[in-house]
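Visitor: Here it is, the structure, as structure tokens.
The values are calculated or read from the model by the stated rules, or taken from the named source; none is laboratory data. Not measured: the values here are computed from a predicted model. Positions of Cβ are generated from backbone atoms using ideal geometry, with glycine treated the same way; all protein chains shown enter the neighbour counts.
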Amino acid sequence: MSTPTDGSAAPGSAPGGDTPTTPVARPGTVALTETTRGADTPVAVPSLLDEEPAERGRLDVGLSVVRKIAEYAADHTAGTVRTQRRLAGLDLGESGASAKVSGYGEQVDLRLEVPLAYPARITDSAAAVRDHVRERVQALTPYRVRSLDIGISALTDPAARATPRTPTSRTE
């Protein structure tokens, strides 16, 4: 077999002309199985998966994640709507619920600003938002919702929004 003259290694061999060797263990890694020297029977090595979750480490969920979960849950509750954002008559897209989160330890306080559909009973819609947001935050995070305040940022008729407004010209 001839070796390439451009300095590259032949297929199947390691760079520098050495033959391939067994993988090198890196610090901090544990092999799942090892073989004893001279024997072909595998010897089980303890796995990190055998440990209890609390012994492996901890999980920190940031308050910004709690805020996004709360906003998403509020936006996907029956009775809430997305509103058009406008500045000086320019359409800037849509916006939904916004949340502010504070807390200490395992408890959080939420303040939501939610646009609701009109006409509908505001108290029923707010109760549905409160229940759904509390349930989702407590199910997906290690936090308990201590307080949840809801402000109504807008009342919007979804039927009126479905028909696009035609701009009127002032030069006619």
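Visitor: ALA128: within 15 Å of VAL81 (Cβ to Cβ), of a type in the set (A, V, I, L, M, F, W, C) and at pLDDT below 95, yes or no? Give the derivation first.
Guide: Numbers: within 15 Å of VAL81 (Cβ to Cβ): yes; of a type in the set (A, V, I, L, M, F, W, C): yes; at pLDDT below 95: no.
So ALA128 fails the test.
Visitor: Hey, GLU94 hits all of (1) closer than 15 Å to ILE152 by Cα; (2) of a type outside the set (A, V, I, L, M, F, W, C); (3) modelled with pLDDT under 90; (4) surrounded by fewer than 15 Cβ atoms within 10 Å (Cβ to Cβ) but one; which does it fall short on?
Guide: GLU94 satisfies every listed condition except (1).
Visitor: Follow-up question, since we're still on this one. Within the group VAL133, VAL129, VAL114, which residue is under 14 Å from ARG146 (Cα atoms), surrounded by 13 or more Cβ atoms within 10 Å (Cβ to Cβ), out of contact with any Phe, Trp or Tyr (no Cβ under 8 Å at 6 or more places or on another chain) and among the hydrophobic types (A, V, I, L, M, F, W, C)?
Guide: Values: VAL129 fails: under 14 Å from ARG146 (Cα atoms); VAL114 fails: under 14 Å from ARG146 (Cα atoms).
None of the others qualify; the one that does is VAL133.
Visitor: Filter the stretch 131-163 for residues that are in a strand (DSSP E or B) and of a type in the set (Val, Ile, Thr); which is modelled with the lowest pLDDT? Lay out the reasoning, then the answer.
Guide: First pass over the stretch 131-163, keeping only residues in a strand (DSSP E or B): 144-156.
Within this subset, residues satisfying the condition of being of a type in the set (Val, Ile, Thr) are 145, 150, 152, 156.
Working: VAL145: 96, ILE150: 96, ILE152: 94, THR156: 88.
Checking each candidate, the answer is THR156.
Visitor: Right, something else. Between residues in the stretch 122-148 that are within 19 Å of SER64 (Cβ to Cβ) and in contact (Cβ under 8 Å) with a residue 24 or more places away in the chain and residues that are in a strand (DSSP E or B) and among the polar types (S, T, N, Q), which pairs lie under 6 Å by C-beta distance while being six or more apart or on different chains?
Guide: ARG144/GLN107; ARG146/GLN107
Visitor: Search the stretch 77-91 for residues being assigned to a strand (DSSP E or B) and at pLDDT below 90, and hand back the single one that is surrounded by the most Cβ atoms within 10 Å (Cβ to Cβ). Walk me through how you get there before you give the answer.
Guide: In the first step, residues of the stretch 77-91 are kept if they are assigned to a strand (DSSP E or B); the result is 80, 83-87, 90-91.
Subset that is at pLDDT below 90: 83-87, 90-91.
Details: THR83: 15, GLN84: 13, ARG85: 11, ARG86: 10, LEU87: 7, LEU90: 7, ASP91: 9.
Among those that are assigned to a strand (DSSP E or B) and at pLDDT below 90, it is THR83.
Visitor: Restricting to the stretch 97-115, name every residue that is touching a helix residue (DSSP H, G or I) at 6+ places or on another chain (Cβ under 7 Å), at pLDDT 95 or above and within 17 Å of GLN138 (Cβ to Cβ).
Guide: ALA99, VAL101, VAL108, LEU110, LEU112
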